[in-house]
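Here the structure is laid out as C-alpha cells; the discussion comes afterwards.
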Amino acid sequence: MPFIRTDYQQQAYHSEQLKQISEGLMQALQEHFQVPDKDYFQVFHAHEQGQFMYDDHYLDVERSDRLLYIQITLGSGRSVEQKKAFYKRAAELVEQRAGVRQQDVFITLLETGLENWSFGNGQAQMIERQPMAARGQQYTPPTATQAVLDAPVSDVQQVYGELAPDFARYSEEVLFGDLWRNPELSPRERSLLTIAVLVAGRHKSQLPYHIELAQQNGLHATELAAAMTHLAFYAGWPAAAAGLLVLKEQID
C-alpha cells in the first residue's frame, strides 16, 4: 500500500522519463517489499528553481539540478536490511531506466499504521477487511474451543457478536486495536509471533488470513517458510508440515 510522491525541478525530466522512474520505483517495491502489481499510486510534482532547495554535497553525495525527492508513505514493519536493499535497488533501477545518476535519488520512507489508509468509498480498507469467504477463500467458523487467535479481525463480530458481544468488543478494541498497534513490537514481529503460535497449535483455519497479513507487514514467503522449518524442531514435525502446506497454497 505505498503512496509515492516525487518532486523535481521543472525541465529536468520529460514525461517518458517520469514514466521510467515510476516503473523503476515500482519494480524495487515489488522485489523488496512484496508490493502487489495493482497497488500502484504515484504522483510527480515539478517545481520552479527558486522553490527547490538542496545542498549539493551533504554527506559527501554530489547532487545536481536533476535531484529527485522521492517520498514513500507505506505500512510499517520492514526490517533495516530490507530498507537498505530497497534503497540500493531503487537507485539502480532509476538509473538504468531513466538515466538518473544514483547520487540524485533521494528517498525517504514514512511508515504509518493500517488505520491511516482509505483507498476510496470512505472506507479504511486495510482494517475493515472482508470475511475470508468473500475474498474467494474457504472459511470454516471457529469451534467453541478456539480462542481469538483463530478469528480474523473482520469476522469477530460476525462469529461472536450476537452470542458474546463483550468478547467481540474486547477482540476488536483490545487485541486487534491496542495490542496489535502497540509500538513496542512492529507489525512484522507480531505477525511472525502470531503465525508461530498458530502453527504450533495447529490452528490451520486462520493461517491463510495471517499469512496474507504477514506479507502486508513485510514478511516474505521464504522467511515464513524458514520460521516454520525452525518450528518443526520445537512444535513438532507434523505441525510445521501442515503450516508449510498452507503457506504453499497461499503463494502458488
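List of remarks:
- Between residue 118 and residue 56, the C-beta separation translates, for a Förster distance of 51 Å, into a calculated FRET efficiency of about 0.85.
- Translational diffusion of the chain was estimated from the Stokes-Einstein equation, with Rh taken as the Kirkwood radius over Cα pairs; at 4 °C and 1.567 mPa s the coefficient is 63 µm²/s.
- Calculated FRET value between residue 45 and residue 181, using beta carbons and R₀ = 25 Å, to 0.05: 0.20
- Long-range amide H partners of residue 42 with built H, under 5 Å: 4
- Gaussian network model of the chain, springs between alpha carbon atoms under 10 Å - residue of 75, 99, 120 with greatest fluctuation: 120
- Sorting 229, 73, 194 by solvent-accessible area of protein heavy atoms yields 229, 73, 194, largest first, with a 1.4 Å probe.
- Working note: 222 nm ellipticity from helices only, DSSP H runs with n ≥ 4, each -39,500 (n - 2.57), summed and divided by the residues of the chain, gives -13000 deg cm²/dmol to the nearest 500.
- In loop segments of segment 1-101 as defined by DSSP, the GluC sites (Glu not before Pro) with at most 15 further C-beta atoms inside 10 Å of their C-beta are 48, 62.
- Using R0 = 51 Å, the C-beta based FRET efficiency linking residue 197 and residue 85 works out to 0.95.
- DSSP-loop GluC sites (Glu not before Pro) across segment 153-201, with at most 12 other Cβ within 10 angstrom: 162, 184
- Taking all protein chains together and a 1.4 Å probe, the residues 38, 88, 83 rank 38, 88, 83 from largest to smallest accessible area.
- For the chain, carbon and sulfur atoms together expose 54% of the accessible surface, with a 1.4 angstrom probe and every protein chain in place.
- Cβ-based net charge around residue 174, under 13 Å, with every Lys or Arg adding one and every Asp or Glu removing one: -2
The values are calculated or read from the model by the stated rules, or taken from the named source; none is laboratory data. Model, not experiment: these values are computed from the prediction. When we count neighbours, we look across all protein chains shown, and the Cβ atoms used for this are built from the backbone with ideal geometry, even at glycine. Accessible surface is based on the protein model in full, side chains and every heavy atom, while ligands, DNA and RNA are left aside. Shrake-Rupley method; radii C 1.70, N 1.55, O 1.52, S 1.80 Å.
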